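J.: Mind looking over this structure? Questions follow.
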Amino acid sequence: RENTDAIKMSSKIDPGERKIRSKKLQEISAMKKKAFIESNRGLKTKVLWENETQNEFIYGFTENYIKVKTPVAKGKANTIEQITLNITDKNGVYKA
């Protein structure tokens, strides 16, 4: 990338190899994220509910930035609620 020391290096990594390495790093990141989310299962924590709603759910984040959703309820946005992290959906988002 521009403005990095790597741009000045004489030996370059083949674009195909860069793509393979990038994919591996993305896979590792996804595995670590999944492990982190799972390590919090059963934890009692606070959620700040945001204004974001989608498909009849309102979304929020825990104190350590785990995404949580619950059915939309009037007045829930911009409130903090204590929940237990138990069930995740197929995307790894906890349901409250």
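The values are calculated or read from the model by the stated rules, or taken from the named source; none is laboratory data. Here the structure is a predicted model, which means the values were calculated and not measured. With ideal geometry, Cβ positions are generated from the backbone for all residues, glycine too; neighbour counts draw on all protein chains shown. To get the accessible areas, we keep the full protein, side chains included, count just its heavy atoms, and leave off ligands, DNA and RNA. Shrake-Rupley method; radii C 1.70, N 1.55, O 1.52, S 1.80 Å.
J.: Please work out which option in (1) 27, 13, 11; (2) 19, 17, 12; (3) 38, 16, 12 gives semi-axes √(5λ) of the Cα gyration tensor in Å calculated from these coordinates, and answer with its label.
T.: Derived directly from the coordinates: (3).
J.: Further question on the same structure: Report the antiparallel proportion of the DSSP beta bridges in region 39-96 as a percent, rounded to a multiple of 5. Walk me through the numbers on the way to the answer.
T.: Values: 17 of 19 bridges.
Roughly 90 percent of the beta bridges in region 39-96 run antiparallel, per DSSP.
J.: While we're on this one: Grab the DSSP H runs of the chain that are 4 residues or longer, score each as -39,500 (n - 2.57), total them, divide by all residues and round the 222 nm result to the nearest 500 deg cm²/dmol. Before the final figure, lay out the partial values.
T.: Details: 1 runs with 25 residues, N = 96.
Only helices count here, giving -9000 deg cm²/dmol.
J.: What percent does the relative contact order of the chain come to when contacts are Cα pairs within less than 8 Å and at least six residues apart? Could the numbers behind the result be given before it?
T.: Values: 122 pairs, mean separation 22.3, N = 96.
Computed value for the chain: 23 percent relative contact order.
J.: Can I ask one more? Would you mind checking the tilt of helix 15-39 against the longest principal axis of the Cα atoms of the chain, expressed as 0 to 90 degrees and rounded to 10?
T.: 30
J.: Next question. Would you be so kind as to identify which of 72, 53, 10 lies farthest towards the positive end of the dipole of the chain, taking Lys and Arg as +1 and Asp and Glu as -1 on Cβ and the Cα centre as origin?
T.: Of 72, 53, 10, it is 10.
J.: Another question about this same structure. Convert each backbone phi in region 60-65 into a coupling constant with the Karplus relation 6.51 cos²θ - 1.76 cosθ + 1.60 (shift: θ = phi - 60°), then list the ³J(HN,Hα) values in order as whole Hz, x for Gly and Pro.
T.: Karplus values, whole Hz, x for Gly and Pro: x, 10, 6, 5, 10, 6.
J.: OK, next. For the chain, what is the accessible area per residue in Å², given a 1.4 Å probe and the full set of protein chains? Provide the component values of the computation, followed by the final result.
T.: Details: 7690 Å² over 96 residues.
Averaged over the residues of the chain, the accessible area is 80 Å².
J.: A further question follows. Report the calculated FRET efficiency for residue 18 and residue 90 (r = Cβ-Cβ distance, R0 = 30 Å), to the nearest 0.05.
T.: On the way: r = 30 Å, r/R0 = 1.01.
Result of the calculation: an efficiency of 0.50.
J.: Please give the contour-minus-distance gain from residue 61 to residue 77: 0.36 nm per residue of separation, less the Cα-Cα distance, rounded to one decimal in nm. Provide the component values of the computation, followed by the final result.
T.: Numbers: separation 16, 0.36 × 16 = 5.76 nm, distance 1.17 nm.
Length difference between fully extended and current span is 4.6 nm.
J.: A further question follows. Residue 62 accessible area, nearest 10 Å², 1.4 Å probe?
T.: We get 10 Å² for residue 62.
J.: For the chain, which whole-number percentage of the solvent-accessible area (1.4 Å probe, protein heavy atoms only) is attributable to carbon and sulfur atoms?
T.: Working: 4090 of 7690 Å².
Ligands and nucleic acids excluded, carbon and sulfur give 53 percent.
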